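The values are calculated or read from the model by the stated rules, or taken from the named source; none is laboratory data. Fair warning: this is a prediction, and the values are worked out from it, not measured in the lab. For neighbour counting, all protein chains shown are included, and Cβ atoms are generated from backbone atoms with ideal geometry for every residue, glycine included. Surface accessibility is based on the protein's heavy atoms, side chains included, excluding ligands, DNA and RNA. Shrake-Rupley method; radii C 1.70, N 1.55, O 1.52, S 1.80 Å.
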Amino acid sequence: MFFYDMDRLLYLLVFVLFLGSCSEYQKVVRGEDLAAKYKVAENLYKEGKYKKALRLLEQIVPQYRGKPQAERIMYYYADTYYQLEDFYLSGYQFERYVKSYPNSQKKEEAAYKGAKSYYYLSPRYSLDQEETTKAIEKLQEFINTFPESEDLKEANALVTELRNKKERKAYEIAKQYHHREDYKVAIAAFDNYLVDYPGSSFKEKILYYKLESEYLLAIGSYESLVKERLEIAQDYYNGYKKYYKTEGEYLEKAEEIAQDIKTRLELIK
């Protein structure tokens, strides 16, 4: 019974303290004391209580513009959005911070978190990649501005990841034309891809599907166009073999197409 009463007492004590802290917080939120709001907001931010801190920071940021405390408050404000994963606003606020305080000791950190915010906004590859392009630009800007940064390795890795995502999106679009049997458009899309992404990890797939598109276009053409298109397909096969002579995911299929092209051309002759 004694221990039961002690547990109840401890629970009530914690509950009372909790209510007291909440009422104190609400008092500061509703009050007019700017210094108190700043102090509580700073403490909450340092304790990782970002939602509560944000409510106060939103109140005091406009009031501290032009004052000595503004630089610190603006960093807290931007980073609070970042910690809460509101990356649209953290990206925007960190950019404002870097422009407003170019000599800040936090400039590099703010610039990286701002660029990384755009990275987090990049959608999966199957969606529109406008945000991905913007993220690449922001990260590249950070890399160029801070070439000695400790975050450089990670920043470069993020750029590579984002570029791969864009490459995959472009590859999937081109491949869709092929699968829809719109071979002329597919070949043009594959050519554009090779210009835009010459070192892509999808290069073999692109070269193979370009060959297959021209081959299928040729054998489905009017008789007067077959020979010319088969010869073009043969050139595409040679282009594939230039890079994949003995090994390749599509080597066997490419060889089969090449043999059929050769047979068809001999029959035409």
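Annotations for the structure displayed:
- Area projected by the alpha carbon convex hull of the chain, averaged over all directions, nm²: 25.0 nm²
- Region 86-104 and region 36-62: distance between their alpha carbon centers, rounded to Å: 18 Å
- Virtual spin-label span in nm between THR263 and GLU181, 7 Å along Cα→Cβ: 2.1 nm
- Taking 0.36 nm per residue of separation and subtracting the Cα-Cα distance, full extension of the segment from LYS134 to TYR92 would add 13.9 nm.
- For GLN63 and ARG30, the difference between the fully extended length at 0.36 nm per residue and the C-alpha to C-alpha distance is 10.4 nm.
- Structural descriptor for the chain: relative contact order 8 percent, calculated from alpha carbon pairs under 8 angstrom and at least 6 residues apart.
- Potential extension, GLN105-LEU251 segment - 0.36 nm per residue separation minus Cα distance: 47.0 nm
- Accessible surface of region 191-269 [probe 1.4 Å, protein heavy atoms]: carbon and sulfur percent: 48 percent
- Taking every alpha-carbon pair within region 142-269, the share separated by more than 18 Å comes to 59 percent.
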